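One structure is given here, and the rest of the page talks about it.
The values are calculated or read from the model by the stated rules, or taken from the named source; none is laboratory data. Quick caveat, the model's predicted, so the values are computed rather than measured. As a convention, Cβ positions derive from the backbone with ideal geometry for all residues, glycine included, and neighbour counts pool all protein chains shown. Please note that ligands, DNA and RNA were not included when accessible areas were found on the heavy atoms of the full protein model with its side chains. Shrake-Rupley method; radii C 1.70, N 1.55, O 1.52, S 1.80 Å.
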Amino acid sequence: LQRKNEGVTTITATANPKSALSYLGVSYNLNPAIVLEGQVGRYDLKDSGNDTNFVVARAIYNFSRRTAVYAEYGNVKNKGTAARSISSGATAGPGTSQNGLLTGVRHSF
């Protein structure tokens, strides 16, 4: 998937820079109970070194058709003055990296 922002000038005459968000994900059923997934992505802020790369790895164990447990690891690497965080509630310093781990139980009613 790719999203391109061609940059616009707003009414207040401030420019929004061109950018592109690209990512690719894969999913592999190791067996009927175990699913492995991964995703890589890049946020490219055009004409600057302030880009962000990310990677996610996820494992899912299906107890049944309705119940599963999962674990997910994510990493975000900011370059230049980019300060994007791994979660919406967190903050990141310019040019820093963050790691995150998520576990949980999913049950469909």
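Overview of values
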item: Residue in region 59-75 that is in contact with a Ser or Thr (Cβ under 6 Å, 6 or more places away or on another chain), part of a strand (DSSP E or B) and either open to solvent by 40 Å² or more (accessible area, probe 1.4 Å) or modelled with pLDDT of 95 or more (or both) present; result: yes
item: Val69 being without any contact (Cβ under 8 Å) to a residue 40 or more places away in the chain and more than 20 Å from Val26 (Cβ to Cβ); result: yes
item: Selection status of Ala83, over 30 Å from Phe109 (Cβ atoms), over 12 Å from the mean Cα position of the chain (by Cα) and open to solvent by 40 Å² or more (accessible area, probe 1.4 Å); result: yes
item: Qualifying residue in region 31-50 (condition: crowded, with 16+ Cβ neighbours inside 10 Å and not in a strand (DSSP E or B)); result: yes
item: Which listed residue, of Leu21, Leu30, is at pLDDT below 95, out of contact with any helix residue (DSSP H, G or I) (no Cβ under 7 Å at 6 or more places or on another chain) and not polar (S, T, N, Q); result: Leu21
item: Cβ-Cβ under 6 Å pairs, at least 6 apart or on other chains, region 87-109 side among the hydrophobic types (A, V, I, L, M, F, W, C), far side open to solvent by 60 Å² or more (accessible area, probe 1.4 Å); result: Leu101/Tyr73
item: So Gly100, is it modelled with pLDDT under 95 and part of a loop (DSSP other than H, G, I, E, B); result: no
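A quick yes/no check of all residues on (1) of a type in the set (Ser, Thr, Tyr); (2) under 20 Å from Leu24 (Cβ atoms); (3) in contact with a Lys or Arg (Cβ under 8 Å, 6 or more places away or on another chain):
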| position | (1), (2), (3) |
| --- | --- |
| Glu37 | no, yes, yes |
| Asn62 | no, no, no |
| Ser87 | yes, no, no |
| Ala92 | no, no, yes |
| Asn99 | no, no, no |
